[in-house]
Amino acid sequence: MEFYAPWCPFCQRLEPTWNELPNRLKEKGVDTKIARMNVDTYTDYGERFGVTGFPTLMLFRDGRPVGQKTGLTDMATLMKYAGYQETGPLGLGGSKAELNLVLGGDQVAAAADELNELRRMINGEVDGDKAAALAHIDAVERLFAKRAL
């Protein structure tokens, strides 16, 4: 998902590449959905997902964000981010999901705040769906456990 603003010059420069990305992924047999969202129109989504710069590219798995990249990028990087890696000289690579998750200080603080709020929900300190909170925490822990391997 690309979160963009129509007035952003970096978003405007990325647009042709972003529009070509679905075709390139299809050619390589990568089943990844590509979408764009104008956060000037849908401001609540930008706020919900912590978009602070443009363009912000967010990778979702099973409906949940699992990675974020902000700024202008090229086709090769987009292909890799979306799950395709070119085959190297030894025949290594191919269609393999790669996630290079880099969080800035504000994003780390926001994630920590969200996890604390989920823990408070599980402990009954605030109202909310405890099962959903547990599932969300488990998903985050699995993501970071995979990255530690």
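What follows draws every value from the coordinates through simple rules; no lab data is involved. In this text, all values refer to a predicted model and were calculated from it rather than measured experimentally. Positions of Cβ are backbone-derived with ideal geometry, glycine not excepted, and every protein chain shown enters the neighbour counts.
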Once R0 is set to 30 Å, what does the formula 1/(1 + (r/R0)^6) return for the Cβ-Cβ distance between Asp129 and Glu20, expressed as a FRET efficiency to the nearest 0.05?
0.15
Just flag the chymotrypsin sites (Phe, Trp or Tyr not before Pro) in segment 1-72 sitting in loop per DSSP whose Cβ has no more than 12 other Cβ atoms within 10 Å.
Trp7, Tyr42
Once label points are set 7 Å from the Cα along Cα→Cβ at both Asn38 and Gln12, what is their separation, rounded to one decimal in nm?
1.5 nm
